[in-house]
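Working notes, structure below.
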Amino acid sequence: MKNMSSAKTFATLLVAALLLSLASISFAADPACMPQEKTFKKLGVRIRGIYIMPDEKTDAAVNGLVNGLTVDDAVTPEIDFEYFFTQNFSTELVLALSKHDIMFDNGGVNGGSVWLLPPSLYVKYHPMPTAKISPYVGFGMNVVMPFDEKLTVGGANVPFKVSSSIGWAAKVGADVKLTDSVYWNVDAMYYDCRPGMTIGGVDHKLNINPFILGTGIGVRF
């Protein structure tokens, strides 16, 4: 059910990105819709809460060792920094820190945990930057750095290590103008995250590939 739910989330993200792309093409083709402001705020900071939903996959050897494992969902705060090169194009750095429980599939027993530090950097396109509701799409890269990994099997601690990974990242969302400087934000992100792991000195496949939903308040100046 979890994989099916994640697949639906990913499909929704792709459809939203496609619709936004079509809207931006239409917008760009209409001169009357072009932004008229000569000056704009170039720096932005956002504080948000995010819900991280890993779509993990492991290899058959892990299934034989611990009857499969799941990287649990997590909710955590996030801070973003954004710089606008123009009204339509910006770059954004996303910073967060999350702890995920490691659950065994046989009965949902908590087998351990892992902390993830996953900074990501995007280039974003804002087709309607002066609108009250300003949508955007972004594409970039993520670096996931795990630490403090723990795993217990049959009551005994097992050497457990999750590797770092580098992958692509995508997002789609919107800023809703509350005042000239304050915005409410909502978006969805996807990380290509395939770190791999070592259990008891043996390397195994681990794809985390999380879908992330976020919302919060931002300020531009």
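Simple spin-label estimate for LYS42 and LYS57 gives 4.3 nm between the two label positions (7 Å along the Cα-to-Cβ direction from each Cα).
Computed extension gain for PHE85 through ASP148, at 0.36 nm per residue and net of the alpha carbon distance, reaches 18.9 nm. For the pair VAL176 and LEU95 in one chain, pulling the backbone fully straight at 0.36 nm per residue adds 27.0 nm over the alpha carbon distance. The modelled label-to-label distance between ILE166 and TRP115, using points 7 Å beyond Cα along the C-beta direction, is 2.4 nm.
Residue ranges 202-215, 149-162 sort as 202-215, 149-162 when ordered by packing (mean number of other C-beta atoms within 10 Å per residue, highest first).
Readers should treat all values here as calculations from the given coordinates under stated rules, not as data from a laboratory. Here the structure is a predicted model, which means the values were calculated and not measured. Please note: Cβ atoms are built from the backbone with ideal geometry, for glycine as well, and neighbour counts cover all protein chains shown.
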